[in-house]
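Below is one structure; the comments refer to it alone.
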Amino acid sequence: MKEKSVDCIGMFCPMPLFLTRKAIEEVDVGDVIEVHADDPSARKDIPEWAERAGHKVLSVEEDDGIFIIRIQRGV
């Protein structure tokens, strides 16, 4: 299993979601991407999209205003 990091700090909707979708397409099924974003809408939008798209949200954490979202590619 590989892990890919996606830096969306300083970006606003829809860029974090766009970059997350692009990154998930670049990894194999079962691999994990970790998204770092500071746009509050990313905390809700990215996990909701991931689950609708068939991926598994492993965690959503916040560290000093930075949201860290870990997603495992499902399909």
With all protein chains present, the chain has a carbon and sulfur share of its accessible area (1.4 Å probe) in percent of 51
Measuring from its Cα centre, the chain shows a charge dipole (+1 at each Lys and Arg Cβ, -1 at each Asp and Glu Cβ) which, in debye to the nearest 20, is 340
Rounded to the nearest 10 degrees, the helix 15-25 long axis (Cα) sits at an angle to the longest Cα principal axis of the chain of 10
For the chain, the longest principal axis of the Cα atoms and the Cα long axis of helix 40-52 enclose an angle in degrees, to the nearest 10, of 20
To the nearest Å², the heavy-atom accessible area per residue of the chain with 1.4 Å probe amounts to 59
Loop-resident chymotrypsin sites (Phe, Trp or Tyr not before Pro) in the chain with no more than 15 other Cβ atoms inside 10 Å, DSSP not H/G/I/E/B, are 12
Rounded to the nearest 5, the percent of DSSP beta bridges in the chain running antiparallel is 70
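The values are calculated or read from the model by the stated rules, or taken from the named source; none is laboratory data. Remember, it's a predicted structure, so these values are computed and weren't measured experimentally. Glycine also receives a Cβ, built like all others from the backbone with ideal geometry; neighbour counts cover every protein chain displayed. The area values use the complete protein model at the heavy-atom level, side chains included, leaving out ligands, DNA and RNA. Shrake-Rupley method; radii C 1.70, N 1.55, O 1.52, S 1.80 Å.
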